[in-house]
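Each value in this text was obtained by applying a stated rule to the coordinates, not by laboratory testing. Note that the structure is a prediction, hence the values are computed from the model and not measured. Heads up, the Cβs are rebuilt from the backbone with ideal geometry, glycines too, and the neighbour counts pull from every protein chain shown.
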Amino acid sequence: MRKPIIAGNWKMNKTMAETKAMIAELAPMVEGAECDVVLCVPYTDIATAKKAARGTAIKIGAENVHWAEKGAFTGEVSAQMLKELKVDYVIIGHSERRQYFGETDQTVNMRTQAALAAKLKPIVCVGETEQERESGKTEEVLYRQLTEGLKGFKSKDFDKIVVAYEPVWAIGTGKTATANDANETIAYIRSVLNKKFRGVGEKVRIQYGGSMNTKNCKELMAMPEIDGGLIGGASLKAQDFSQIVNYNK
Ligand code: PEP
């Protein structure tokens, strides 16, 4: 059985004071959750978030990581630096990184390697743009992102790697893939991974992301292929995020 994982992606939101307040409000609401609960927060909030989440069900993640151990990479943060802060998860290859910061399948690959080497759990994002979807290229794009982005990894790495299927046209737009479409596409992702990495199809956790909210989470999470959600906007309020975490209650 794959344990569901609901992860928030705060993006460039929340001060340290806001982080402390939100986690204090959220913690009792997600106590006893049956899924893994993760908040991926800006680098500047990590130490505060870790402290606030101590002794709760909430795990803390980062939103990116560099592939090098150290060196002349102004503005970047290494996997060891995140490990020192006792970060558990890290988002890699989010579509905003791909769109605005030149992230490629190759850099996704290098960042994922670095994260695994530091024993962080990578949440690797894949997904097609609206244009790619309309021109019937969804599977081609996903195939490339998965095979290039995860080239060279071993089946056992997928005990740690989580994949997030995030159709770009659904992120922050209020448009959601239908539960059936998301389920079908995630089944495709599972089949690609299963062909490339022996036995991975059954065990890899694959989230859906893209305008998942309190209203649609139940239907999406009821789908057999969907193992969780990566939540942007709806992860910024404790009430909303906790309702998603407790989708089955
Ligand atoms: C995201 O940023 O990963 C995301 C899914 O955002 P939203 O939930 O706001 O669409």
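Span-like helix check, the chain: qualifying full DSSP H segments, with Cα axial length of 24 Å or more and mean Kyte-Doolittle of -1.0 or more, are 179-196.
Comparing MET81, MET221, VAL162 along the charge dipole axis of the chain, the residue lying farthest to the positive side is MET81, per the Cβ-charge model. Partner lysines whose Cα lies under 23 Å from the Cα of LYS137, excluding those fewer than 8 positions away in the same chain, are identified as LYS151, LYS175, LYS195, LYS196.
Note on LYS50: aspartates and glutamates with a C-alpha under 19 Å away, same-chain residues under 8 apart excluded, are GLU18, GLU25, GLU31, ASP36, GLU63, GLU84, ASP88. Charges were assigned to the Cβ only: +1 to each Lys and Arg, -1 to each Asp and Glu. The resulting dipole of the chain about its Cα centre is roughly 820 debye.
Return the calculated 222 nm mean residue ellipticity for the chain, to the nearest 500 deg cm²/dmol, obtained by summing -39500 (n - 2.57) across DSSP H runs with n ≥ 4 and dividing by the residue count. Calculated mean residue ellipticity at 222 nm is -11000 deg cm²/dmol.
If the chain linking LYS195 and THR214 were pulled fully straight, counting 0.36 nm for each residue of separation and taking away their Cα-Cα distance, it would gain 3.4 nm. Amide H contacts under 5 Å for ILE92: ILE123, VAL124, CYS125, restricted to partners 5 or more places along the chain or on a different chain, H placed in the peptide plane at 1.01 Å from N. In summary, the convex hull built on the alpha carbon positions of the stretch 5-245 has an orientation-averaged projected area of 12.0 nm².
Grab the beta carbon distance between ALA222 and LYS156, set R0 = 35 Å, and tell me the FRET efficiency rounded to 0.05. Computed FRET efficiency for ALA222 and LYS156 comes out at 0.75. Across the chain, the longest piece that holds none of the GluC sites (Glu not before Pro) lying in DSSP loops with up to 16 other C-beta atoms within 10 Å covers 77-249. Within a straight-line Cα-Cα reach of under 16 Å, LYS119 can be paired with the following lysines, leaving aside sequence neighbours fewer than 8 residues apart in one chain: LYS59, LYS83, LYS86, LYS154, LYS156, LYS160. Express the relative contact order of the stretch 5-245 as a whole percentage, based on alpha carbon pairs under 8 Å and six or more residues apart in sequence. Reported as a whole number, the value is 20 percent.
The residue among ALA52, SER211, GLY174 whose Cα reaches farthest toward the positive pole of the charge dipole of the chain, with charges on the beta-carbon of Lys, Arg, Asp and Glu, is ALA52.
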